[in-house]
Amino acid sequence: MACLKPDEIQRENYKLQSHQGYYDGAIADGAIVLRVYLDVTREREVFALTGKFKVERDGQQVSPVFICEQGKPVWYDMGHYIVGCPIRDFGPVRVISPTMDLFEPKRMGLTYWADQCIAWRRLDFTCGQPHIFPPIEYCNPYWGDCRMVRNPDNLDLVPRCIWRVGIDATKVRE
């Protein structure tokens, strides 16, 4: 956790969002999903997504602020992306976008309201097609050699983004 300095807070223009009802966990076909986990020691977290997640409103940069509670599945429609709060306790917040454009930087800033201060953490992530089904062994009947090829069953799976805490690649969550 890194506390923001007062001048860093003043440069941001935070705006609390209103949710659009309850989120059922549905994800549109072909959508890209980034999963971010809340602090498991807290029932409620107030946070803002920064970086490409900022939106322009009336000529000003606005960092939308979201409130998610454990097991209270509300969702926020931001136009070019959706934020879905956890549908069950200790589940992920889903950031859903119809295209990969939102996730191109492979980095996201998460500003959140901690007990001690307004804090900030950087999330680095990678996006790609999941590989749930194992590769298929293909053997060339003429040469008799075998190799593993990509399983076509994986191609229809929704791409997902996996985030890493800071630079510690051992702590990976989906």
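The values are calculated or read from the model by the stated rules, or taken from the named source; none is laboratory data. Treat the numbers as computed from the prediction; the structure is a model and nothing was measured. Because the Cβ atoms are built from the backbone with ideal geometry, glycine has one as well, and the counts that use them run over all protein chains shown. The area values use the complete protein model at the heavy-atom level, side chains included, leaving out ligands, DNA and RNA. Shrake-Rupley method; radii C 1.70, N 1.55, O 1.52, S 1.80 Å.
Matching residues to (1) more than 15 Å from residue 110 (Cβ to Cβ); (2) of a type in the set (Gly, Ala, Ser):
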site: 4; (1), (2): no, no
site: 7; (1), (2): yes, no
site: 19; (1), (2): yes, no
site: 22; (1), (2): yes, no
site: 34; (1), (2): no, no
site: 63; (1), (2): no, yes
site: 80; (1), (2): yes, no
site: 85; (1), (2): no, no
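For beta carbons closer than 6 Å, sequence separation of 6+ or different chains, a first residue in region 1-20 that is farther than 17 Å from residue 79 by Cβ and a second that is open to solvent by 90 Å² or more (accessible area, probe 1.4 Å) and of a type in the set (D, E, K, R), there are no qualifying pairs.
Of the strands (runs of 3 or more DSSP E) lying entirely inside region 69-118, those containing at least 1 residues that are out of contact with any Pro (no Cβ under 6 Å at 6 or more places or on another chain), of a type in the set (Ser, Thr, Tyr) and in contact (Cβ under 8 Å) with a residue 24 or more places away in the chain span 75-77, 92-97, 107-113. In this structure, does residue 159 turn out to be farther than 21 Å from residue 54 by Cα, open to solvent by less than 90 Å² (accessible area, probe 1.4 Å) and at pLDDT 70 or above? Judged against the criteria, residue 159 is not a match. Counting only residues that are open to solvent by 30 Å² or more (accessible area, probe 1.4 Å) and either among the charged types (D, E, K, R) or at pLDDT below 75 (or both), how many does region 110-126 have? Qualifying residue count, region 110-126: 3.
The residues of region 93-109 that are more than 13 Å from residue 79 (Cβ to Cβ), of a type in the set (A, V, I, L, M, F, W, C) and open to solvent by 10 Å² or more (accessible area, probe 1.4 Å) amount to a single one, 100.
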